[in-house]
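The structure under discussion appears below in the form of structure tokens.
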Amino acid sequence: MTTTMAPPPPTTVGARSFGGHSMSARLRTVVVRQPAPPATGDLAEALHFGYPRPADQATAEREHAALRLLLAEEGIEVIAAEPDEPGLLDAIFAYDPSIITNQGAVLLRPGKEVRLPEVALAERLYAELGVPILGRIEAPGTVEGGDTLWLDEVTLAVGLGYRTNALGVAQLSGLLYPLGVTVLPVALPHWRGPGECLHLMSLISPIAADTAVVYPPLLAVPFVEELHRRGWRLIEVPDNEFDTLGCNVLALAPGRCLVCDGSPVTRGRLEAAGFAVLSYVGQELSHNRAGGPTCLTRPVWRAD
């Protein structure tokens, strides 16, 4: 008989609480990173990051300020890191360089080489916030946060693809084992190859303890079967809204979520399923950079 130990509860250090092994408990504290300015602003720089057009700094700043205000108006503590040095355009995706556990942060190691400097930025911020570092992924292991999501408080699903490798998953599993957390590897498809970002969370966004927005055509069969075994309700994104980030949904609180504008069918399906849906304009933040609200935010504390 296998005994599963419960993880330690969320932690409070001084006046700061952190943790929450959940994707959908009420979001209490979130970190965002303000847009770094382009280094050159030309098309070559944009293509280097996989963007279809050059970054528009003024629009990015305006959209990001509106997103921060929206989150704050939901009663969420928004910690906005200063704009990063020119050229760190992907640093705006605060979810990816780390994960938060009830015992501290795990610093990850991106598989996209241009993003490696972001780990030091996350480490510095956690030091300022008083969040301890539980561990880190070391070379040649790679893990990106977008490949990680909590299925429950003791199970972390981790996508295996071009950004997260088996060595990184093994290291992460070792770091989380003492917390009673099991890592569930999930195979990712080739899709359009290593030049474009396809994370596990490109394909699924949990929005309740037993509900997720999903794009089934790219999900591995064993993972879909696991979700069905757990009794999850799956809200499917239509084909024409996958590229408009319909699958990227951030849970703000039970029954309440945030989407990027541009996926009306998915929004309608969420509302029909009983969810209150908020949206933000993300032509530069999200559509140009292929990252929605889950990518732009790093939850530090979730608790109902």
For the stretch 86-204, what class follows from the C-alpha gyration tensor (a ≥ b ≥ c being the square roots of its eigenvalues): rounded when a/c is under 1.5, otherwise prolate if a/b is larger than b/c, else oblate?
oblate
With label points set 7 Å from each Cα along the Cα-to-Cβ direction at N240 and A166, the distance between them in nm comes to 4.2
Based on DSSP H runs of at least 4 residues, each adding -39500 (n - 2.57), what is the mean residue ellipticity at 222 nm of the chain after dividing by all its residues, to the nearest 500 deg cm²/dmol?
-6500 deg cm²/dmol
Run through every distinct alpha carbon pair of the stretch 126-190 and return the Kirkwood hydrodynamic radius in angstroms, one decimal place.
12.4
What percent of all Cα-Cα pairs in the stretch 235-304 falls into each 5 Å bin, going from 0 up to the bin containing the maximum distance?
3, 18, 29, 25, 16, 8, 1
Sort 22-31, 124-133 by packing, meaning the average of other beta carbons within 10 Å per residue, with the highest value first.
22-31, 124-133
Would you mind checking which residues have amide H under 5 Å from W301's amide H? H placed 1.01 Å from N; only 5 or more apart, or other chain.
G19, R28, T29
So, relative contact order of the stretch 123-219 in percent, Cα under 8 Å, 6 or more apart, is 25
Placing unit charges on C-beta atoms (Lys and Arg positive, Asp and Glu negative, everything else neutral), compute the dipole magnitude of the stretch 164-277 about its Cα centre in debye, rounded to 20.
280
Whole-Hz Karplus couplings 3J(HN,Hα) for the stretch 208-221, θ = phi - 60° and coefficients 6.51, -1.76, 1.60, Gly and Pro as x, run 7, 4, 9, 9, 9, 8, 9, 10, x, x, 10, 8, 5, 4
Taking every Cα atom in the stretch 17-302, find the radius of gyration and the maximum pairwise distance Dmax, and write them in Å.
17.2, 50
State the extension gain, in nm to one decimal, for the chain segment bounded by V281 and V265, taking 0.36 nm per residue of separation less the distance between their alpha-carbons.
4.1 nm
Run the simple label-point estimate for H228 and R124 please: 7 Å along Cα→C-beta, distance reported in nm.
4.9
Along the dipole axis of the stretch 17-302 (charges at Cβ: +1 for Lys and Arg, -1 for Asp and Glu; origin at the Cα centre), the most positive-end residue among L129, P97, P178 is P178
What number in nm² do you get for the stretch 186-243 if you take the convex hull of its Cα atoms and divide its surface by four?
4.0
Is any residue of the stretch 266-288 close enough, with backbone N under 15 Å, to a label point placed 7 angstrom from the Cα of R62 along the Cα-Cβ axis, and if so, which?
281-286
Hey, with R₀ at 22 Å, roughly what FRET efficiency would A139 and H48 work out to, going by the Cβ-Cβ distance, to 0.05?
0.50
Phi angles of the stretch 88-98, converted by Karplus (6.51 cos²θ - 1.76 cosθ + 1.60, θ = phi - 60°) into ³J(HN,Hα) in whole Hz with x for Gly and Pro, give 8, 5, 7, 4, 4, 8, 5, 5, 7, x, 7
Report the extension gain between A80 and L218 in nm, rounded to one decimal, defined as 0.36 nm multiplied by the number of residues separating them, less their alpha carbon distance.
46.4 nm
Peptides ranked, highest mean first, by Cβ atoms within 10 Å: ranges 144-153, 236-245
144-153, 236-245
Over the chain, what relative contact order in percent results from Cα pairs under 8 Å that are six or more residues apart?
24
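No lab work stands behind these numbers, since they all come straight from the coordinates. Quantities reported herein were computed from a predicted structural model and do not represent experimental measurements. So basically every Cβ, Gly included, is an ideal-geometry build from the backbone, and we count neighbours across all protein chains shown.
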